[in-house]
Every structure is written in C-alpha cells, then in structure tokens.
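Chemist: Have a look at this one before I ask anything.
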Amino acid sequence: MDTLGQASGGRKPVTAVSGVGVLDRSMALLDLLAERPLSLRSLAEASGLPRPTAHRLLLALESHGLVGRNADGTFRLGPKLTELALRAGPGLGLGSLASGVLARLHEQTGESVQLYLRSGDRRLCVAAHDAGAGLRDSVPVGALLPLDAGSGGKVLLAWSADAERFPAVPATELAIVRRRGWASSIAEREPGLASVSVPVLRDGALLGALCVSGPASRLGSSPGRRLAPLLVTAARELAELAEAGGPPAG
C-alpha cells in the first residue's frame, strides 16, 4: 500500500487514497480534527507528517476557512466546512431554519440548545444556541459527536435502520425512546452533563434531533419529565417550518 511521506518515531504514515498527495495529507488532518481540537505537535504525530509539512498544510486550510484556531493555539475545524455541508445537502438546510426555534427554546429553558443530523456514524451539530455559561454543554456548529453516547445520538439511532451496528445502546432502550418520543442522558458524553432530545419528524420521516443540554446538577435526575414537552412543541414547529420552506414573512 502506498503511503505519503516518511513516518518517523513510530508514527503512522498517511495512506494514499486519491493519489493526489496534498489532498490526501490535508484530508488526514481534517479527519483528525473532526474528533477534537489538537495542537500542531499532536497532529503531526498522529498523521505521520513531518511537522513543517503539517504546519504548512494547516495554514493553507486555515486561509480557506477549512481550519480554525482556538485561543490556546490548538487547531479545530473551520466554519467553511459547515457552509459547504449546508449547500451540499438539502436536509442540512434544516439548520438554517432553526435559529428562531432554538432561541425560543433557550429562553424557555435557560439551557443550551442544539440541532443534530446524522453524518455517517456520528452526529453533526448544524445549529446551536449557547447558554453562554462557559460550560461543557456548549457545542459549536460543525461539531461531530458520537451516535452511541448522549440523548441526541439515541434519538437519531432510534429512527435509524442500522441501529444494531451500535451495540452500546441496547435495542430495548431505543424502543422506549421511540415509544415515548424522547431520550435523556446523564453523564454519558461528558461528566456532569445532562441532556434531553426529541426527533424532528415530518410525515413520520426523521429530519433531525433537537436537544437541550446543561449541567446535571441543574437539570436534575429526571430532566425528560420537565423538558420533553417543551422540546416536542419546538420540534413540531421546526418540522412545520421545514414543510413550508421557511419562517413566515414579516
């Protein structure tokens, strides 16, 4: 199998996929950043690229908005990726309709609100309204999170045909989610974080998962009982917007 560059110090070299070296190297870096923000050193080690090469590619990706940088100097995925995704997939347009719905839901709950769509074997945050408390429940637009941890992932799996591929979530639990129409989680994705999610459905078809998240100490041990009715109403409103093609004029 062809590889790009020379690995050193036990690093795994980048595997050639397209035969266009600079593209394969760049995609390797983007795939690593899809997991979490990383430093230049970590990216070079994980990709097997020489540090100068990784740095040069990251700067080029940053200039196009495909990569961004945090205050601590770590690299993260950039906003251009979300923009391209929204243009590429009609279903992702749901995120552009959700702003008002998410803002009202935040006002009602005081917590962070997100809208997730399935993206391969993960879930993509396509819209969010942050509570502004600087807590770990803050999820940026464009973030990719697990499908098998957290209430948003459970909702997406509960309405998926291949849920058996994710044994970490029992089929019995997904059946309960479908029957009652919502899922909740406490400290599954992050310690101290709780969330409640509901499906956004149109004519029985799943469009996405609407989620409210916040500190477990504030949401309590049974957050679904208090938040699910508000989420169901918001999800119905969002589905109606999707049906109409956008918010009413004026």
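The values are calculated or read from the model by the stated rules, or taken from the named source; none is laboratory data. Note that this is a predicted model, so its numbers are computed, not measured. We place every Cβ from the backbone using ideal geometry, glycine too, and count neighbours over all the protein chains shown. These area figures cover heavy atoms from the full protein model, side chains too; ligands, DNA and RNA do not enter into them. Shrake-Rupley method; radii C 1.70, N 1.55, O 1.52, S 1.80 Å.
Chemist: Which residue out of GLY89, GLY10 is at pLDDT below 85 and open to solvent by 60 Å² or more (accessible area, probe 1.4 Å)?
Modeler: It is GLY10.
Chemist: Count, please, the residues in the stretch 27-56 that happen to be crowded, with 20+ Cβ neighbours inside 10 Å and among the small types (Gly, Ala, Ser).
Modeler: Total meeting the criteria: 5.
Chemist: Looking at (1) out of contact with any strand residue (DSSP E or B) (no Cβ under 8 Å at 6 or more places or on another chain); (2) modelled with pLDDT of 95 or more, find the lone condition where SER197 falls short.
Modeler: It is condition (1) that SER197 fails.
Chemist: If you go through the stretch 130-151, how many residues are buried (at least 23 other Cβ atoms within 10 Å of the Cβ) and modelled with pLDDT of 85 or more?
Modeler: 3
Chemist: Could you figure out which of (1) of a type outside the set (A, V, I, L, M); (2) modelled with pLDDT of 90 or more; (3) farther than 18 Å from ARG189 by Cα isn't true of GLU111?
Modeler: Status for GLU111: all satisfied but (3).
Chemist: Right, next: List every residue pair whose Cβ atoms lie under 9 Å apart, where the two residues are 6 or more positions apart in sequence or sit on different chains, the first residue falls within the stretch 67-84 and is without any contact (Cβ under 8 Å) to a residue 40 or more places away in the chain and on the phi < 0 side of the Ramachandran plot, and the second residue, located anywhere, is open to solvent by less than 60 Å² (accessible area, probe 1.4 Å) and hydroxyl-bearing (Ser, Thr, Tyr).
Modeler: What qualifies is ASP72/SER39; THR74/SER39; THR74/SER42.
Chemist: Checking the conditions here, which among GLY246, GLY204, GLY220 is at pLDDT below 90, more than 24 Å from GLY93 (Cα to Cα) and of a type outside the set (S, T, N, Q)? So that I can check it myself, show each step before the final result.
Modeler: Numbers: GLY246 fails: more than 24 Å from GLY93 (Cα to Cα); GLY204 fails: more than 24 Å from GLY93 (Cα to Cα).
That would be GLY220, the only listed residue that is at pLDDT below 90, more than 24 Å from GLY93 (Cα to Cα) and of a type outside the set (S, T, N, Q).
Chemist: Please pick out the residue among GLY192, GLY224 that is farther than 23 Å from ALA163 by Cα and of a type outside the set (A, V, I, L, M). Explain how you work it out, then say what you get.
Modeler: On the way: GLY224 fails: farther than 23 Å from ALA163 by Cα.
Going through GLY192, GLY224 in turn, the sole match is GLY192.
Chemist: Mind counting the residues in the stretch 57-66 that are open to solvent by 20 Å² or more (accessible area, probe 1.4 Å), farther than 17 Å from ALA143 by Cβ and touching a residue at least 12 places away in the same chain (Cβ under 8 Å)?
Modeler: Total satisfying the criteria: 3.
Chemist: Are any of the residues in the stretch 72-85 open to solvent by less than 70 Å² (accessible area, probe 1.4 Å), more than 30 Å from ALA234 (Cβ to Cβ) and either modelled with pLDDT under 90 or touching a helix residue (DSSP H, G or I) at 6+ places or on another chain (Cβ under 7 Å) (or both)?
Modeler: Going residue by residue through the stretch 72-85, those that are open to solvent by less than 70 Å² (accessible area, probe 1.4 Å) are 73-75, 77-78, 80-83, 85.
Still in the running and more than 30 Å from ALA234 (Cβ to Cβ): 73-75.
Next, from what is left, pick out any that are either modelled with pLDDT under 90 or touching a helix residue (DSSP H, G or I) at 6+ places or on another chain (Cβ under 7 Å) (or both): 75.
Yes, the stretch 72-85 contains at least one residue that is open to solvent by less than 70 Å² (accessible area, probe 1.4 Å), more than 30 Å from ALA234 (Cβ to Cβ) and either modelled with pLDDT under 90 or touching a helix residue (DSSP H, G or I) at 6+ places or on another chain (Cβ under 7 Å) (or both).
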